[in-house]
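Notes for the one structure printed next.
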Amino acid sequence: MDAYTDARCPAYASFFGVMGCAASIIFTVIGASYGTAKSAGAIFSSGILRPDHLMQNTLCAIMAQILSIYGLVSSVIIQGDLDEKMPLYQGFMQLGAGISVGLCGLAAGFAIGIVGDAGVRASTQQPRLYIGMVLILIFAEVLGLYGVVVCVLMLTKSKQNVTQCLY
């Protein structure tokens, strides 16, 4: 740990942490809402043809909403470490952590929406395709989980051997 220095603990350092916190939840919610909306059209369309499969086809929307939980958990972890006076390094690490989980969640939400839309429509016509759709949805969901893992690693690293900022 280094001693307090003005260059390492500027007044604006916490801004980057706050932006990481916001990016985490904003981007994952955008991805989750896209995935839910895109797959919902197919879910309702398939409900007309096969009402007995309506509940099993909601898996796409449920998996999309899990992405927003990833963003919420990451944002809560980041905000727990925010201080008025903090090292610039820690602020940058929090920004990177928030962006990593946010953009991974956004990409996963797009993938879940597109796969969910096509998969639900296809499995309505041919029920044997349902297992394949679920597997592809799992592969899409894990993209968001990768972002959470990177986020946790970055946040852990942001607390090790950093400058202690004095008020």
Over the range 9-67, with neighbouring protein chains present, the accessible area per residue in Å² at probe 1.4 Å is 47
Under a 1.4 Å probe, counting only protein heavy atoms, Thr163 has an accessible area in Å², nearest 10, of 10
Per residue, accessible area of the range 86-167 with a 1.4 Å probe, heavy atoms of protein chains only, in Å², comes to 49
Taking 0.36 nm per residue of separation between Gln79 and Phe92 and subtracting their Cα-Cα distance, the length gained on full extension comes to 3.3 nm
Counting only Cβ distances under 4.7 Å between cysteines, those in the chain with no partner are Cys21, Cys60, Cys104, Cys151
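Could you work out how much longer the chain between Gln164 and Gln126 gets when fully extended? Use 0.36 nm per residue separation minus the Cα distance between them, nm to one decimal.
Extending this stretch completely gives an extra 7.6 nm.
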Taking 0.36 nm per residue of separation between Leu153 and Met55 and subtracting their Cα-Cα distance, the length gained on full extension comes to 31.6 nm
Protection proxy (average C-beta count within 10 Å per residue), highest first, orders 115-125, 88-98, 7-17 as 88-98, 115-125, 7-17
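How many percent of the accessible area of the chain is carbon or sulfur, using a 1.4 Å probe?
Ligands and nucleic acids excluded, carbon and sulfur reach 73 percent.
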In deg cm²/dmol, rounded to the nearest 500, the helical mean residue ellipticity at 222 nm of the chain, built from -39500 (n - 2.57) for every DSSP H run of length 4 or more, is -27500 deg cm²/dmol
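The values are calculated or read from the model by the stated rules, or taken from the named source; none is laboratory data. Worth saying up front: this structure is predicted, and the values here are computed from it rather than measured. Cβ: placed from backbone, ideal geometry, glycine included. Neighbour counts: every protein chain shown. These accessible areas exclude ligands, DNA and RNA; they are computed on the full protein's heavy atoms, side chains included. Shrake-Rupley method; radii C 1.70, N 1.55, O 1.52, S 1.80 Å.
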